[in-house]
Structures are given as structure tokens and as C-alpha cells.
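K.L.:
Quick one: the structure is below, and I'll ask about it shortly.
The values are calculated or read from the model by the stated rules, or taken from the named source; none is laboratory data. The shown structure was predicted, so the numbers you read here are calculated from the model rather than taken from an experiment. No Cβ is skipped: glycine too gets one built from the backbone with ideal geometry, and neighbour counts run over all protein chains shown.
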Amino acid sequence: MTATVKLTSRQQRILWATVRHYIETAEPVGSRALVEEYNLNVSSATIRNGMGALERAGLLYQPHTSSGRVPSDFGYRIYVDQLITPSETSAEVVNQALRSQLSLDQGNIELVVRGAAQILATLSGYLTLITMPRTQSNYLRHLQLISIAPGKVMLVVVTDAYQTQSVVMNLPAQTPDTLDSEMALEDLPEDEELIEQELKVLSNFLNRHLRGRSLTEFSNLDWNDLDREFQRYADLLCRLLKDLGSRGQASEYGLIQLSGISEVLRLPEFSQVQQTQTIIHLIEDEPEQLWPLISSMGDQGQVTVRIGTENPLEPIQSCALVSAQYYWEAKPTGSVSVLGPTRMKYENAIALVEATANYLTEALGP
């Protein structure tokens, strides 16, 4: 999520100072405050002009006509992408805390994850979400398509851990263009025996192509190029496998270890109990909505920052979510995230999340 906008060096300094001051005070920022607290080497009038230009570019806005300015989501994005680097000091602090307070010798990764979440919440001041390591690989062992009622089909999947998952959907209707040219329109009603045979052949076809693959891959597969005799089922398969892929991802990431509620309640953005309860409800009762956000990231060591409305979930669109994955045997096995207001100390949060993810990767190593 990299934004690009051309700013002069002076505009960059004014934007940096404005965001920094707002993060510290939670109060709209005026030119006088920047003159008094930051060595920008320009007059108050020049700063006002610069802030006006940043406002016209959509990086700042005025919550009230008589007030100072505050950063927009776009302004925070430019700040994160172009104007800061992660704090080495914060990374050193969390590394020291993790290594001194947690013990890897006990062999209980659940205790390590819980302790890491508490430490990260304390040091960041934000909600911390760490997913427990995957308990099973969820690779396909066998699948079968079964006709369970007129017009309905069930896909049954058995994983390598001998766990069973199933999805039920409506069977696509037979249409004239999917029939042999000799078949008359009056023959359109479904032949259950024929359907059973088709599903058996299709099951064998899918087993050959999917056996040994992770369920999480299913949501990205495209079956529009099926052989001609299976074209009728292409859309059905896309929907069935996408559903299973989402379930596979959810079951693989398991529980979310949450910490830091008392920390965020001190922030003005979380002073309304109802808003905080809505976020906690999302995390604890509907975690499947969060998994795509905290697990769809880039390479190892890469931190993802989603700011405000970049988060598709309405309850957290006034928040910033900073996430990184941790690994086992070079494969992503869980994620580390902090959730706080968009008025976040991004330099610290990014460094803390990255260092914690690296520590958990080491904890799971040989």
C-alpha cells in the first residue's frame, strides 16, 4: 500500500511536524505550534501556506473552520511510506523484554505467545493480536462430490489430519447449450443417475489436481478452463473451493491471543466504551473477518500497515493495523499485529511488531 505524491522538501518537513505534533497531543495543529516546537527555519506565514497546500492535496484537513489541521488517512500514509523509518530503539527494547521475560526452554509455545502479546501491548500501548501457530497443515487428502437432494450437491473434504469439512450448494441447472445437439428440450429434467456419474468423474478429476495441496490455495484456483464435459460445474466449483479456502485459512490460524484492552482505554479515541466493545466483539466473536487482513501479507520480515479506511471492516476504519507474519520452517504459521488509533506512533509500532514476529520465528525454530 504505497502512496505517491510529489512534495517539496519544505512540505515534507511541515507534514512530518504536523503529524508528529498531532500524534503527541491529539489536538488540531496550528502554524504557531510548529514554529515554537520544531526547528523548521521558516516563518509562521510560510508554514500556514505550506499547511494550506497540504490540505488542498488531501493530506491534512480542518475538523472545524476555526481550528488547526489534523492528518488525513492519506497524510498518515505519506508519513509512513516516505517520512519515517522504524525505531531501532523500540526494536531493541522489545527484544530485550521478550528474551528476559519469556523462556523458550519450557517448550510451551502457547505460553510464549501469550507472554509476547502482553509485552507487546505494554510497550506499544495498543491492542495486540497474535494468532496461535497453526495446529494442522490442512492439506487435501481426499474429496468427493455427492448429490444429496434434487438440485443440491455437497463437497466433502478430508484433510491430511483426517479432519472433515463440507460445503453444500445448489447444483447448476442443465441448459440447452450444455446438452448434446441430439437431445430434445423435453429431455431437460435432470437424470439423477447421470448426475451421480458426472459427480463421480468430476471428483476423480479434482482429486488428481488437488490432492496434497493446502486448503488455503483453493480460494485462488480458477476452474474456468475445465474440460468441456465439466464446464457446467465451473462456477459451482469456484464457489465451493473459495468457501473451503476461507474455512481452511480460518482453521489454520486458530485462536487470536488478545492483549492491551486496558492500554487503549487510556486513549481519547477509545474513550467511548461502545466503540471499544464493538472492536473487541469483532476480534473475539468474528475473528474470521480479521484473518484475511492479518494473514495476507508479503515476504518474511515485511510489515503491513493499514490506515483508517484502508481497512475494509467498518469497526476498525478509524484505526491503524500494523501486522507481520512469523514463520516455521520458512512457512508462515501465524501473525503479530497491533491495532490502535490512526494517531499511532508508527515508527515504534512497526519496529515492535517486526521484532516480535522475528522473535516468534526464532522461538519456533530448531
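K.L.:
Name the single residue, out of those in region 62-85 being buried (at least 18 other Cβ atoms within 10 Å of the Cβ) and assigned to a loop (DSSP other than H, G, I, E, B), that is modelled with the highest pLDDT.
P.N.:
72
K.L.:
Mind telling me which of the residues 118, 96 ends up being at pLDDT 95 or above, under 23 Å from the mean Cα position of the chain (by Cα), in a helix (DSSP H, G or I) and assigned by TED's automatic domain parsing to the domain that holds residue 306?
P.N.:
118
K.L.:
Taking the condition of being surrounded by 15 or more Cβ atoms within 10 Å (Cβ to Cβ) and among the hydrophobic types (A, V, I, L, M, F, W, C), how many residues in region 262-273 meet it?
P.N.:
Number of matching residues: 3.
K.L.:
For the subset of region 15-34 comprising residues that are surrounded by 18 or more Cβ atoms within 10 Å (Cβ to Cβ) and of a type in the set (Val, Ile, Thr), which member is nearest to residue 343 (Cα to Cα)?
P.N.:
If we take residues in region 15-34 being surrounded by 18 or more Cβ atoms within 10 Å (Cβ to Cβ) and of a type in the set (Val, Ile, Thr), then 23 is nearest to residue 343 (Cα to Cα).
K.L.:
When only residues in region 121-156 that are touching a Ser or Thr at 6+ places or on another chain (Cβ under 7 Å), in a strand (DSSP E or B) and not aliphatic (A, V, I, L, M) count, which is surrounded by the fewest Cβ atoms within 10 Å (Cβ to Cβ)?
P.N.:
If we take residues in region 121-156 being touching a Ser or Thr at 6+ places or on another chain (Cβ under 7 Å), in a strand (DSSP E or B) and not aliphatic (A, V, I, L, M), then 141 is surrounded by the fewest Cβ atoms within 10 Å (Cβ to Cβ).
K.L.:
Quick check on region 84-91. Is at least one of its residues under 25 Å from the mean Cα position of the chain (by Cα) and under 18 Å from residue 257 (Cα atoms)?
P.N.:
No: zero hits.
K.L.:
Another one. Being out of contact with any Lys or Arg (no Cβ under 9 Å at 6 or more places or on another chain), in the same structural domain as residue 238 (by TED's automatic domain parsing), more than 13 Å from residue 237 (Cα to Cα) and at pLDDT below 75, is that true of even one residue in region 140-148?
P.N.:
Looking through region 140-148, none of the residues is out of contact with any Lys or Arg (no Cβ under 9 Å at 6 or more places or on another chain), in the same structural domain as residue 238 (by TED's automatic domain parsing), more than 13 Å from residue 237 (Cα to Cα) and at pLDDT below 75.
K.L.:
Okay, moving on. Tell me the helices (runs of 4 or more DSSP H) entirely within region 251-366 that contain at least 1 residues that are under 15 Å from the mean Cα position of the chain (by Cα) and in contact (Cβ under 8 Å) with a residue 12 or more places away in the chain.
P.N.:
Where helices (runs of 4 or more DSSP H) fall fully within region 251-366 and carry at least 1 residues being under 15 Å from the mean Cα position of the chain (by Cα) and in contact (Cβ under 8 Å) with a residue 12 or more places away in the chain, they are 273-285, 291-295, 346-364.
K.L.:
Ok, one more. Return a yes/no flag: does region 121-135 have any residue that is modelled with pLDDT of 75 or more and of a type in the set (Lys, Arg).
P.N.:
First, pick out the residues of region 121-135 that are modelled with pLDDT of 75 or more: 121-133.
Still in the list and also of a type in the set (Lys, Arg): none.
Within region 121-135, none of the residues are modelled with pLDDT of 75 or more and of a type in the set (Lys, Arg).
K.L.:
In this structure, is residue 172 in a loop (DSSP other than H, G, I, E, B), over 30 Å from residue 260 (Cα atoms) and either more than 34 Å from the chain's Cα centre (by Cα) or modelled with pLDDT of 65 or more (or both)?
P.N.:
Details: in a loop (DSSP other than H, G, I, E, B): yes; over 30 Å from residue 260 (Cα atoms): yes; either more than 34 Å from the chain's Cα centre (by Cα) or modelled with pLDDT of 65 or more (or both): yes.
Yes: the conditions hold for residue 172.
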